[in-house]
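Report on one structure; see the data block that follows.
The values are calculated or read from the model by the stated rules, or taken from the named source; none is laboratory data. Just so it is clear, the model here is predicted, and its values are computed rather than measured. Here the Cβ is made from the backbone with ideal geometry for all residues, glycine too, and neighbour counts use every protein chain on show.
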Amino acid sequence: MNVLLATWDTPFGLPPFATLKDDDFGPAFDGALARAKAAVWAIAGGPGTGFAEVIEALELADADLDRVAGVFYNLAGADSTEAREALMRALAPKMSAHSSEVTNNKALWAKIDALWQGREGLGLTAEQDRVLELYRQMFVRSGAALEGAEAERLTAVKARLAVLGTQFSQNLLADERSWFMEIGGADLAALPEFVQAAAKAAGEERGSGPVITLNRSLVVPFLQFSPNRALREKAYEAWVARGANGGETDNRGIAAEILALRAERAKLLGYADFAAYKLEPEMAKTPAAVRDLLMRVWEPARAKAVADAGVLEAMLKADGFAGPLEPWDWRYYSEKRRKAEHDLDEAALKPYLSLDAMLGAMFDCANRLFGLEFREIDGPFYHPDVRGWEVTRGGNHVAVFLGDYFARGSKRSGAWCSAMRSQKKLGGDQRPVVVNVCNFAKGDPCLLSYDDARTLFHEFGHALHQMLSDVTYGFISGTSVARDFVELPSQLYEHWLEVPSVLEAHARHHETGEPMPADMLQRLLAAATYDQGFATVEFVSSAMVDLEFHTGTPPADPMQRQAEVLEGLGMPRAIRMRHATPHFAHVFSGDGYSSGYYSYMWSEVMDADAFEAFEEAGDPFDPATAAKLERFILSAGGSEDAEALYLKFRGRMPGVEALLKGRGLLDVA
């Protein structure tokens, strides 16, 4: 039997990485899809009409497919090969077709709708009622009520979108992989040791001397520290040109087609535009609510950024350049300004923020908040760089946590959390296997910037949402919540990195073991809101472009529409969007964050308020508040409406003030 479809006789039921080959995936998907289809047709055509015979049976129908996909898509993103990329392209229409076959099955839809109409007489638990509601919503939003040509067209649209999303991702990875800039001599020597080490490691991976690549953990520190303005411009322009270099990997035409197809999909389902369709089940509900939030933050952020630009341009001119300040200048002069105003030198800071030290801090916080314990375990895992831990509480197994932290050519950019296996109780108590993926520059040891450390904590917040999940049905497990709620646990967990006692205990010099000097720690925390005008403008501009792309008529030329939106906002010339359209993977690699990039900020309104609950209790590790956080947020998954869950935790919904305060923009507002 195929190794992926057989029982995994491995520690903790981990995937059989030691024997797994790329050739195993295709047949495994074929077998799993066949089993899933047979199960669905049996449910639709069988005599059963009750909740167990329909909804619970559907929950179990995709068990093999979920298991195979959980492994494959994790590997395809974190350690791609030509074979995996080819299979992703082949699978995109197949997986879309399977989804459409399920939601287009009229007999199945009739059973689900009948259950919904008669739900009050079924004696369902609150969780079952929620699962039924979400299944019905999924079917309706997938076009189950459509007939004839409209149903066929929607199926075709969804299949094409799946193909285009995969192509967008692979084009972006190809552009990131192909570009590099050799660096040596005085230009290399002018960089801090940690940047030199990262450039050398990147070159070794390519079989060359030191290079700058388009990996964020290398190109950003290069832009921060390189005094060579011409090289900064070259690296920056290559970085922002990903997906827009012409030829086979150009994503601009793909973006236009995706936007047109999304608009058509929304119209087929009876919505005014894709934004209206996408936002309906989210906390925000409407494009107007999203726009209102973003603009309330935009105005003070832009004012702060414009003021900061004036200071940085003066520094540029003092260095003998006529100006104006350009995007490739901002990080360099901002870093110099941070050192001058806060006496903070990232090169001096990083030795206290080794990856191992920050992992210790991350695990310690989880232990103090939720009683979790972490024991490192041996592989084999899917790549030699991956590390694993068994997570326990009170001696009981909770989860397996995998950390894949270093940049490499086979890994897509960014940082993310996913689950190879999600928690559920139906069909047996299934404990999760959760993966955090980052792109830190590899070193011996790996030294993090403070932003890197925040990323580490952020992704682990998502991991806690998966690991502490305590629901019966996989459909609502872990992070299966509204998109503008899913970032709450991740962004909230970042706050514990800012707790002085955490850094006092764990931020220790990687060579001497000495704690971070008290004055350095004080300066670090004092500078927490430094350059937030820049960071907020970068983000909000991207979120506004995403929203406007999906509101009204889709643009024939997304790049022109992008320019129009930015001009309307009054975008400062020395700042560009965090994610320009051709490499905006959040929005175009799939539907996940389409018309939903704003959700990070929507969640930030809640995470700022949620951490205030701990501050009001007088202890960042207050047991009672932590217990409420676990009960109503981290363990609940999608078992209730997101707003209802937050109200149970906090007692009220927050305003935008806590967010502005946290970003140092309240006085500007």
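Structure notes:
- Condition broken by Val433, with the remaining ones in (1) surrounded by 19 or more Cβ atoms within 10 Å (Cβ to Cβ); (2) more than 25 Å from Ala636 (Cβ to Cβ) satisfied: (2)
- Complete set of residues in region 249-295 that are buried (at least 19 other Cβ atoms within 10 Å of the Cβ), more than 15 Å from Pro558 (Cβ to Cβ) and of a type in the set (Phe, Trp, Tyr): Tyr277
- Extreme residue, surrounded by the most Cβ atoms within 10 Å (Cβ to Cβ), among residues of region 4-16 that are in contact (Cβ under 8 Å) with a residue 24 or more places away in the chain and closer than 18 Å to Ala69 by Cβ: Pro15
- Meets criteria (surrounded by 16 or more Cβ atoms within 10 Å (Cβ to Cβ), modelled with pLDDT of 95 or more and closer than 30 Å to Ala309 by Cα) for Leu353: yes
- Against the test of being free of Cβ contacts under 8 Å to residues at least 24 places away in the same chain and either more than 21 Å from Arg663 (Cβ to Cβ) or in contact with a strand residue (DSSP E or B) (Cβ under 7 Å, 6 or more places away or on another chain) (or both), the options Gly552, Gly474, Gly513, Gly478 yield a single qualifying residue, Gly513.
- Number of residues in region 103-156 that are of a type in the set (A, V, I, L, M, F, W, C) and within 21 Å of Lys278 (Cβ to Cβ) equals 10.
- The set of residues in region 162-193 that are more than 26 Å from the chain's Cα centre (by Cα) and either in contact (Cβ under 8 Å) with a residue 24 or more places away in the chain or within 14 Å of Ala407 (Cα to Cα) (or both) comprises Met181, Glu182, Ile183, Gly184, Asp187, Ala190, Leu191, Pro192, Glu193.
- Residue pairs whose Cβ atoms lie under 7 Å apart, sitting 6 or more positions apart in sequence or on different chains, and linking a residue in region 70-98 that is at positive phi to a partner that is assigned to a helix (DSSP H, G or I) and β-branched (Val, Ile, Thr), do not occur here.
- Tally, over region 633-669, of residues that are more than 22 Å from the chain's Cα centre (by Cα) and not in a loop (DSSP other than H, G, I, E, B): 9
- Pairs, first in the same structural domain as Gly70 (by TED's automatic domain parsing) and without any contact (Cβ under 8 Å) to a residue 24 or more places away in the chain in region 20-31, second of a type in the set (A, V, I, L, M, F, W, C) and surrounded by fewer than 18 Cβ atoms within 10 Å (Cβ to Cβ), C-beta under 6 Å, six or more apart: Asp24/Val3
- Here Met544, Met559 are screened, and the one residue that is at pLDDT 95 or above, under 23 Å from the mean Cα position of the chain (by Cα) and of a type in the set (A, V, I, L, M, F, W, C) is Met544.
- When Phe168, Phe139 are screened for being aromatic (Phe, Trp, Tyr) and closer than 27 Å to Asn215 by Cβ, only Phe168 passes.
- Residue within region 220-234 that is touching a Ser or Thr at 6+ places or on another chain (Cβ under 9 Å), within 18 Å of Arg408 (Cβ to Cβ) and free of Cβ contacts under 8 Å to residues at least 60 places away in the same chain present: no
- Among the residues listed as Lys234, Lys267, the single one being among the basic types (Lys, Arg), in a helix (DSSP H, G or I) and not assigned by TED's automatic domain parsing to the domain that holds Ala535: Lys234
- Ile212 touching a residue at least 24 places away in the same chain (Cβ under 8 Å), under 20 Å from Pro192 (Cα atoms) and out of contact with any Gly (no Cβ under 6 Å at 6 or more places or on another chain): yes
- Selected residue [closer than 16 Å to Trp602 by Cα, aliphatic (A, V, I, L, M) and surrounded by fewer than 22 Cβ atoms within 10 Å (Cβ to Cβ)] from Ala642, Ala627, Ala658: Ala658
- Matching residues in region 564-579 - criterion: being surrounded by fewer than 15 Cβ atoms within 10 Å (Cβ to Cβ) and in a loop (DSSP other than H, G, I, E, B): Gly570, Arg573
- Failed condition for Trp389, given (1) farther than 26 Å from Ala76 by Cβ; (2) of a type outside the set (Lys, Arg); (3) not in a loop (DSSP other than H, G, I, E, B): (1)
- Residues in region 580-611 that are in a helix (DSSP H, G or I), of a type outside the set (A, V, I, L, M) and in contact with a helix residue (DSSP H, G or I) (Cβ under 6 Å, 6 or more places away or on another chain): 12 in all.
- Check on Leu569, within 30 Å of Ser142 (Cβ to Cβ), among the aliphatic types (A, V, I, L, M) and in the same structural domain as Leu259 (by TED's automatic domain parsing): no
- Failed item, numbered, when Ala92 is tested on (1) crowded, with 18+ Cβ neighbours inside 10 Å; (2) in the same structural domain as Thr49 (by TED's automatic domain parsing); (3) part of a loop (DSSP other than H, G, I, E, B): (3)
- Annotation note: Cβ proximity below 9 Å between a residue of region 390-419 that is without any contact (Cβ under 8 Å) to a residue 24 or more places away in the chain and a residue that is surrounded by fewer than 22 Cβ atoms within 10 Å (Cβ to Cβ) and of a type in the set (D, E, K, R) (sequence gap 6+ or interchain) occurs for Thr392/Glu373; Thr392/Arg375; Arg393/Glu373; Gly394/Glu373; Gly395/Glu373.
- Test result for Ser635, farther than 30 Å from Thr249 by Cα, among the hydroxyl-bearing types (Ser, Thr, Tyr) and in contact (Cβ under 8 Å) with a residue 60 or more places away in the chain: yes
- Those helices (runs of 4 or more DSSP H) of region 184-226 in which at least 3 residues are under 23 Å from Arg454 (Cα atoms), considering only elements entirely within it, cover 193-206, 216-225.
- Residue satisfying all of: in region 595-619; closer than 23 Å to Val540 by Cα and among the hydrophobic types (A, V, I, L, M, F, W, C); surrounded by the most Cβ atoms within 10 Å (Cβ to Cβ) among these: Met606
- Test: residue in region 555-563 that is touching a residue at least 40 places away in the same chain (Cβ under 8 Å), in the same structural domain as Leu316 (by TED's automatic domain parsing) and buried (at least 19 other Cβ atoms within 10 Å of the Cβ): yes
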